[in-house]
Amino acid sequence: MAGTVETVFRIESARIIASVTRIVRDVGLAEEIAQDALVAALEQWPATGVPDRPGAWLTTTARRRAIDLVRRKETYARKLAEVGRSLEDVPPPPEPAEPDDIDDDLLRLIFTACHPVLSTAARIALTLRLLGGLTTGEIARAFLTSEATVAQRIVRAKRTLATAAVPFEVPYGAERAARLSSVLEVVYLVFNEGYAATAGDDLVRPALCEDALRLARVLAGLMPEEPEVHGLVALLELQASRIPARTGPDGAPVLLAEQDRTRWDRMLILRGLEALRRAGPAGGPYAVQAAIAAQHARQVRYEDTDWAAIAALYGRLLELTPSPVVALNRAVAVGMAQGPAAGLALVDELAGEPALQGYHLLPSVRGDLLERLGRGAEARTEFERAAALTRNARERELLLSRASRATPRPEPG
């Protein structure tokens, strides 16, 4: 029974917290009240059985406790005005508010958890906690940090939101555009950490990708008129489709050129292409990245990849979001479309970029281009340098393997 209760709570927790936050106007307090509702379920359901609508039961229980708490406050009248509805001495409704109201609350919670007043690390931790339903330990394991560090980030994030009096609302106009970019960035960063882990023994953490993809799909359902939300969904669906082929049976990375494309998830590709259609032709950065991923997804063979089209898309992305990392990716595409010499010239132009110092993919890309030009000794040096920079064990093994193959080892004498 305990497992059933906890599973239901994990699925419903974000909506419960969102509904309660509308009453108490404090995400930290709302999470505590939601946990109280979970304890109540663990105490009552073994005797009464699981309700027909367990999510509704938990939400109603949490809302009742929130209302009781507000009533007990000396500032009840002020809180009542903020909530904007009557909390007269009548019992709460037996079911939660209308589904649309709950969805509105969930959207408010997303914008609150991803508020720019928080650091990126705090936004990620709080989002995974409140919206992903992950425990502090799960977040710590996912990002290879201590549980105490994650717990501290979450506590500070809640305190910061309360101190800054961040309103529980969906902003509009220019502020909404700015805040939406923060929301999308958090989901994107969570997915990227799962798709290509920055450190640790595993290249891919599928569970983290699934959490990010679920959050992106929720956003698309709540904000169907926002093209860039669909662009993010498209990007994540298309990237996630490759996960089964990105590693071999032993967990070692498999390069794009060597992946078995029959292992790519066709359903995710179809969903991604549909989301890209919804994003429209004048897409933002996520939609452009999705268009790049779509170029790969549409080809059955690596040899048929339209690298000229991909290079052009990276050029467009560079105009939208000027970045040395985007420029490096464009150099890779140019190197495939026009030859390694053209790509190497662009990479060498980026050698002095401060943002790329310590970035292992810069020497990795340079090593690949040098190897294709037949300059094996130089390529080996670059691959070894890249291996020394990466914090991911699987990537390090791959780079050292490429280094060993880049030029013959001297014969023993």
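The values are calculated or read from the model by the stated rules, or taken from the named source; none is laboratory data. Note that the coordinates shown come from a computational prediction; the quantities given were computed from them, not determined experimentally. Glycine gets a Cβ as well: all are built from the backbone with ideal geometry, and neighbour counts include every protein chain shown. Note: areas computed on protein heavy atoms with side chains; ligands, DNA, RNA excluded. Shrake-Rupley method; radii C 1.70, N 1.55, O 1.52, S 1.80 Å.
Taking Cα atoms only, the orientation of helix 340-349 departs from the longest principal axis of the chain by about 60 degrees. Measuring max minus min along each principal axis, the C-alpha atoms of the chain give extents of 89, 48, 39 Å (largest first). Shown here for segment 98-182: chymotrypsin sites (Phe, Trp or Tyr not before Pro) in loop regions (DSSP other than H, G, I, E, B) with at most 11 other Cβ atoms within 10 Å, namely TYR172.
Based on C-alpha pairs under 8 angstrom that are at least 6 apart in sequence, the chain has a relative contact order of 10 percent.
The reciprocal of the average 1/r between distinct C-alpha atoms defines the Kirkwood hydrodynamic radius, which for segment 315-354 equals 10.1 Å. Probe of 1.4 angstrom, ligands and nucleic acids ignored: what's the accessible area per residue over the chain, in square angstrom? Value returned for the chain: 48 Å² of accessible area per residue. Annotation for THR135 and ARG391: the two label points, set 7 Å from Cα along the Cα-Cβ direction, are 2.4 nm apart.
Computed extension length for LEU320-ALA121: 69.2 nm, one decimal, from 0.36 nm per residue of separation with the Cα-Cα distance subtracted.
Figure note: ASP52, ASP104, ASP211 ranked by solvent-accessible area, largest first, 1.4 Å probe, ligands and nucleic acids not counted: ASP52, ASP104, ASP211. In the context of the full protein assembly, GLU371 retains an accessible surface of approximately 60 Å², using a probe radius of 1.4 Å and ignoring ligands and nucleic acids. Residues whose amide H lies under 5 Å from that of THR247, counting only those 5 or more places away or on a different chain, are VAL254; hydrogens are built 1.01 Å from N in the peptide plane.
Taking the accessible area of segment 251-336, probe 1.4 Å, and keeping the other protein chains in place, the carbon and sulfur fraction comes to 55%.
Using unit Cβ charges (K, R positive; D, E negative) and no other charged atoms, how large, in debye to the nearest 20, is the dipole of segment 145-279 about its Cα centre?
240
Largest GNM mean-square fluctuation across GLU226, GLU274, GLU353, computed for the chain with C-alpha springs under 10 Å, falls on GLU353. When the Kirkwood radius is taken over all Cα pairs of segment 188-297, what Stokes-Einstein diffusion coefficient follows at 37 °C and 0.692 mPa s, in µm²/s? D = 235 µm²/s.
Stokes-Einstein, applied to the Kirkwood radius of segment 310-413 over Cα pairs at a viscosity of 1.002 mPa s and 20 °C, places its translational diffusion at 152 µm² s⁻¹. Taking Cα atoms only, the orientation of helix 376-389 departs from the longest principal axis of the chain by about 20 degrees. The length gained by stretching the chain between ASP304 and ALA342 to full extension, at 0.36 nm per residue less their Cα-Cα distance, is 11.7 nm. Suppose R0 equals 30 Å. What FRET efficiency, 1/(1 + (r/R0)^6) with r the Cβ-Cβ distance, do ALA47 and GLU6 give to the nearest 0.05? Calculated transfer efficiency: 0.95. Applying 1/(1 + (r/R0)^6) with R0 = 30 Å to the Cβ-Cβ distance of LEU255 and THR145 gives a FRET efficiency near 0.55. Annotation for segment 167-256: GluC sites (Glu not before Pro) lying in DSSP loop with at most 11 further Cβ atoms inside 10 Å of their Cβ are GLU225.
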